[in-house]
Amino acid sequence: MDIKPITTYTGKIVPLFYDNIDTDQIIPKAHLKRISKTGFGPFAFDEWRYLPDGTDNPEFNPNKPEYKGASILITGDNFGCGSSREHAAWALKDYGFSIIIAGSYSDIFYMNCTKNAMLPIKLDKTSREHLASFKEITVDLPNQTVSSPEKTFHFDIDETWKNKLIHGLDDIDITLQYEDLIEKYEKAH
């Protein structure tokens with residue numbers, strides 16, 4: 001997979017302040033028929049995003065003109081709860097999100113984000129509401145900050161995931177760093 005490193009990132013935001021958005025709401029099971037990681041974006045938030053006739057729901061924030069092209073999702077608590085489908089992370093990534101800022105995440109969804117080159121950030125509600133009042137914000141992963149034009153907030157992230165995201169590495173890339181040692185071991189056995 002060709003992973004874009006995340007270092008300092010400025011992007012347009014879209015707020016979706018609901019708690020307990022589960023993976024079924026992110027990508028309904030009816031759309032889990034693909035065998036690749038791509039092509040799920042059109043189905044992200046399918047039941048909220050579209051009206052029964054298939055047209056865009058004008059009340060759904062990501063469909064509103066002022067939020068079109070957003071790459072940073074600001075949302076509620078317990079984001080990505082429910083079933084452990086990796087397709088939810090694939091759908092959000094394919095939709096165009098690089099960063100998700102929530103109050104909390106399900107553990108499996110959080111890991112699926114990091115393994116799919118998306119940065120999940122945990123911030124309290126007051127900080128998220130402040131950030132959501134701006135059109136664009138900046139994330140500085142090396143310094144672990146999120147900034148609006150008025151304030152900067154610190155976030156925590158495990159050093160392993162931080163390193164992978166900053167350097168654009170996935171698990172295969174990490175393994176390939178030891179290719180010489182692996183070959184040496186294979187020849188010896």
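The values are calculated or read from the model by the stated rules, or taken from the named source; none is laboratory data. Small disclaimer: the values here were computed from a predicted structure and weren't measured. Neighbour counts are summed over all protein chains in view; Cβ atoms, including those assigned to glycine, are modelled from backbone coordinates with ideal geometry. Ligands, DNA and RNA are stripped out before the accessible areas are found, and what is left, the full protein with its side chains, is counted by its heavy atoms. Shrake-Rupley method; radii C 1.70, N 1.55, O 1.52, S 1.80 Å.
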Charge dipole of the chain built from unit charges on the beta carbon (Lys, Arg +1; Asp, Glu -1), centred at mean Cα; most positive-end Cα among Gly82, Asn20, His31 is His31
Hey, can you grab everything whose amide H is under 5 Å from the amide H of Tyr50? Only 5+ residues off in sequence or another chain; H modelled, so Pro and N-termini drop out.
Asn57
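Pull up the DSSP beta bridges for the range 15-108 and report the antiparallel fraction as a percent, rounded to 5.
On the way: 1 of 8 bridges.
Here the share of antiparallel DSSP bridges comes out near 10 percent.
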Gain in span if fully extended, Ser104 to Ile172, counting 0.36 nm per residue against the direct Cα distance
21.7 nm
Compute, for the range 3-121, the length of the dipole vector about the Cα centre, with Cβ point charges of +1 (Lys, Arg) and -1 (Asp, Glu) only. Units Debye, rounded to 20.
560 debye
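For the chain, what does the alpha-carbon gyration tensor say about shape, rounded, prolate or oblate, given a ≥ b ≥ c as the root eigenvalues, a/c under 1.5 as rounded, and a/b over b/c as prolate? Walk me through the numbers on the way to the answer.
Details: a/c = 2.21, a/b = 1.36, b/c = 1.62.
Oblate, since a/c reaches 1.5 and b/c is not below a/b.
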Helical mean residue ellipticity (222 nm; -39500 (n - 2.57) per DSSP H run of 4+; nearest 500) of the chain
-8000 deg cm²/dmol
Residues in the range 93-123 that a label on Lys64 would reach, taking backbone N under 20 Å of a point 7 Å out along Cα→Cβ
96-103
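Just reorder Ile74, Ile172 by solvent-accessible area, largest first, 1.4 Å probe, all chains present. Walk me through the numbers before you get to the answer.
Numbers: Ile74 0, Ile172 115 Å².
Reading off the accessible areas and sorting them downward yields Ile172, Ile74.
Which whole-number value in Å² is the accessible area per residue of the chain, probe 1.4 Å?
Details: 10190 Å² over 189 residues.
Per-residue accessible area for the chain comes out at 54 Å².
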Please identify, among Glu59, Glu47, Glu179, the residue showing maximal mean-square fluctuation in a Gaussian network model of the chain using a 10 angstrom Cα cutoff.
Glu179
Share of accessible surface on carbon and sulfur in the chain, whole %, 1.4 Å probe and ligands ignored, is 51 percent
Using +1 at the Cβ of each Lys and Arg and -1 at the Cβ of each Asp and Glu in the range 1-133, identify which of Ala70, Pro52, Gly103 lies farthest towards the dipole's positive end.
Ala70
Mean-position separation - Cα centroids, the range 120-189 and the range 12-50, in angstrom
23 Å
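Quick check on the chain: of the DSSP beta bridges with both residues there, what percent are antiparallel, nearest 5%? Walk me through the numbers before you get to the answer.
Numbers: 12 of 25 bridges.
For the chain, the DSSP antiparallel bridge percentage is about 50.
Among the trypsin sites (Lys or Arg not before Pro) in the range 116-189, which ones are in a DSSP loop with at most 14 other Cβ atoms within 10 Å of the Cβ? Mind listing them?
Working: sites: Lys122, Lys125, Arg128, Lys135, Lys151, Lys162, Lys164, Lys184, Lys187; in loops: Lys135, Lys151.
Loop-located and lightly packed - Lys135, Lys151.
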